[in-house]
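Participant: Dropping a structure here in structure tokens format, bear with me for questions.
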Amino acid sequence: MRAAFITRHGPPEALELREAPDLEPGAGEIRIAVRAAGINFADIMQRMGLYPTSFKIPYVPGFEAAGVVDRLGAGVENWREGDRAVALLPCGGYASQVVALAARAIAIPNGMCFEEAAAMPVVYVTAYHMMVRQGQLRRGERIFIHTAAGGVGMAAIQLARAIGASIFGTASPGKHALLREHGVDHAIDYRTGDWAAEVRRLTNGEGVDMILDPLGGSATKINYSLLAPLGRLIVFGFSRAATGERAGIGTAIEWLLEMRINPRQLMMDNKTIIGAHIGRMDTPKEAALLLEELAELRKLYEDGKIRPTIGKMFPLAEAAAAHRYIQRRENVGKVLLIP
């Protein structure tokens, strides 16, 4: 098989395409011949050495892949060779083959292509878990989505639109028209404008009911100040630590500027701060919940309420270019690798 390995912590060139032995599924596992694999910002953080992981370099990143089941491990009864499957993975997605727990894969719906299937698991489950399961977003509420043109952002927009929320989203000006087409009520320029001041202006100082914060660092405290009473701030990333292609002084500064939480202040403000990290949901109970959420998303897809937005596809050999493309904030929606 072929796979893109993280060979060191550093710039995109730390990703290296290599030949590796074919994988063999163990008990309770399936092997998938990959047709498309998703890229997530967490992969970039891994490459830079900013993402906690127990995997030893060199290893193959990638949390999701879609393809055809071509081998079954012992004890697997609910899959057959030739089935189309999409799986959540602990790592290994940047490859022509992956091995996944049979219990962490679901069948690809009729009418869904491999590319759409690979674009769904991480970003849609993340958005759904935050907004529906944890944050309980309601019709008529205001939601503020940072990096709204990214993978999680576009998924969140579709879910918020289906729920009936009023949507605020940040992106560079060149992406504003597209965001409005997808249902964003207020597109905000985060590069040259004061996004916090703009949210306050648009809400007449009332604030918003939910904020999805992938930024971390100094941004989290600002986001907290934008919550209306009973508002929920959901923190699910730390992209401000990855402003360059490798960790540097800016990373250390953002660590130092992180918000320190005072429980008494939360109580007095009637506000909530929630952490979301589906990659850490690996107990049997948590894994079952993720699959349940993925099945619920599959139903929303079949009902025509959501559809993955695929920004660009790169050959597996160009994984480094794909990482650079995302870090330069050029993408709209999901970026994929095609083995």
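The values are calculated or read from the model by the stated rules, or taken from the named source; none is laboratory data. Quick caveat, the model's predicted, so the values are computed rather than measured. As a convention, Cβ positions derive from the backbone with ideal geometry for all residues, glycine included, and neighbour counts pool all protein chains shown.
Participant: Out of segment 310-339, which residues are among the polar types (S, T, N, Q) and either modelled with pLDDT of 95 or more or surrounded by fewer than 16 Cβ atoms within 10 Å (Cβ to Cβ) (or both)? Lay out the reasoning, then the answer.
Facilitator: Here is the first cut: in segment 310-339, the ones among the polar types (S, T, N, Q) are 327, 331.
Listed by number, the list is empty, since nothing qualifies.
Participant: Within the set of pairs 6 or more residues apart or between chains, which connect a residue that is assigned by TED's automatic domain parsing to the domain that holds MET130 and basic (Lys, Arg) inside segment 214-239 to a residue that is outside any strand (DSSP E or B) and surrounded by fewer than 21 Cβ atoms within 10 Å (Cβ to Cβ) with Cβ atoms less than 6 Å apart?
Facilitator: From residues that are assigned by TED's automatic domain parsing to the domain that holds MET130 and basic (Lys, Arg), the pairs are LYS221/MET259.
Participant: Are there any pairs, at least 6 apart or on different chains, whose C-beta atoms fall under 7 Å, with the first in segment 315-339 and in contact (Cβ under 8 Å) with a residue 40 or more places away in the chain and the second among the basic types (Lys, Arg), and if so, which?
Facilitator: Final answer for the pair search is LEU316/ARG2; HIS323/ARG47; ASN331/LYS312; VAL332/LYS175; VAL335/LYS312; PRO339/ARG2.
Participant: Another question, if that's okay. Filter segment 138-151 down to the residues that are β-branched (Val, Ile, Thr) and within 16 Å of SER172 (Cα to Cα), then identify the one that is surrounded by the most Cβ atoms within 10 Å (Cβ to Cβ). First the steps, then the outcome.
Facilitator: Here is the first cut: in segment 138-151, the ones β-branched (Val, Ile, Thr) are 143, 145, 147.
Okay, now just the ones that are also within 16 Å of SER172 (Cα to Cα), so 145, 147.
On the way: ILE145: 31, THR147: 24.
Per the stated criteria, the residue is ILE145.
Participant: When residues of segment 221-275 are filtered for being of a type in the set (A, V, I, L, M), exposed (fewer than 14 other Cβ atoms within 10 Å of the Cβ), closer than 30 Å to PRO12 by Cα and at pLDDT 60 or above, how many remain?
Facilitator: 0
Participant: Scanning for something charged (D, E, K, R) and more than 30 Å from HIS323 (Cα to Cα), does segment 141-159 turn up at least one residue?
Facilitator: Yes; the residues of segment 141-159 include at least one that is charged (D, E, K, R) and more than 30 Å from HIS323 (Cα to Cα).
Participant: Would you confirm whether any residue within segment 265-278 is out of contact with any strand residue (DSSP E or B) (no Cβ under 9 Å at 6 or more places or on another chain), farther than 27 Å from GLU116 by Cα and of a type outside the set (A, V, I, L, M, F, W, C)?
Facilitator: yes
Participant: Moving to a separate point now. Those residues that are surrounded by 13 or more Cβ atoms within 10 Å (Cβ to Cβ) and among the acidic types (Asp, Glu), I need them from segment 165-193; list them, please.
Facilitator: Residues satisfying the conditions are ASP185, ASP189.
Participant: From ASP22, ASP43, grab the single residue that is of a type outside the set (Gly, Ala, Ser), closer than 24 Å to LYS312 by Cα and either in the same structural domain as PRO315 (by TED's automatic domain parsing) or not in a helix (DSSP H, G or I) (or both).
Facilitator: Numbers: ASP22 fails: closer than 24 Å to LYS312 by Cα.
Within the list ASP22, ASP43, the selection yields ASP43.
Participant: Could you tell me which residue of segment 52-105 is farthest from ALA3 (Cα to Cα), considering only residues that are among the basic types (Lys, Arg) and touching a Lys or Arg at 6+ places or on another chain (Cβ under 9 Å)?
Facilitator: Our first condition is that a residue be among the basic types (Lys, Arg); within segment 52-105, this holds for 56, 71, 80, 84, 104.
Those left that are additionally touching a Lys or Arg at 6+ places or on another chain (Cβ under 9 Å): 71, 84.
On the way: ARG71: 18, ARG84: 21 Å.
Only one residue fits best here, namely ARG84.
Participant: So, in segment 17-39, of the ones that are under 28 Å from PRO308 (Cβ atoms) and charged (D, E, K, R), which residue ends up surrounded by the most Cβ atoms within 10 Å (Cβ to Cβ)?
Facilitator: This residue is GLU29.
Participant: Here's a follow-up. Could you please find all residues in segment 46-72 being within 18 Å of GLU13 (Cα to Cα), without any contact (Cβ under 8 Å) to a residue 60 or more places away in the chain and within 17 Å of the chain's Cα centre (by Cα)?
Facilitator: Answer for segment 46-72, where residues must be within 18 Å of GLU13 (Cα to Cα), without any contact (Cβ under 8 Å) to a residue 60 or more places away in the chain and within 17 Å of the chain's Cα centre (by Cα): GLN46, TYR51, PRO61.
Participant: Quick one: how many residues across segment 68-83 are part of a loop (DSSP other than H, G, I, E, B) and either touching a Gly at 6+ places or on another chain (Cβ under 9 Å) or on the phi > 0 side of the Ramachandran plot (or both)?
Facilitator: Number satisfying all stated conditions: 5.
Participant: Another question, then. Being at negative phi, at pLDDT below 95 and charged (D, E, K, R) is true for just one of ASP185, ASP209, ASP213, ASP194. Which residue is that?
Facilitator: Checking each option against the conditions leaves just ASP194.
Participant: When you go through ARG139, ARG161, ARG84 one by one, which is the residue that is under 30 Å from GLU19 (Cβ atoms) and either among the aliphatic types (A, V, I, L, M) or over 15 Å from the mean Cα position of the chain (by Cα) (or both)?
Facilitator: ARG84
Participant: Now for a different question. With the structure loaded, tell me whether ALA319 is of a type outside the set (Phe, Trp, Tyr) and under 21 Å from GLY237 (Cα atoms) or whether it fails that test. Spell out how you get there, then give the answer.
Facilitator: Details: of a type outside the set (Phe, Trp, Tyr): yes; under 21 Å from GLY237 (Cα atoms): no.
Against the criterion (of a type outside the set (Phe, Trp, Tyr) and under 21 Å from GLY237 (Cα atoms)), ALA319 does not qualify.
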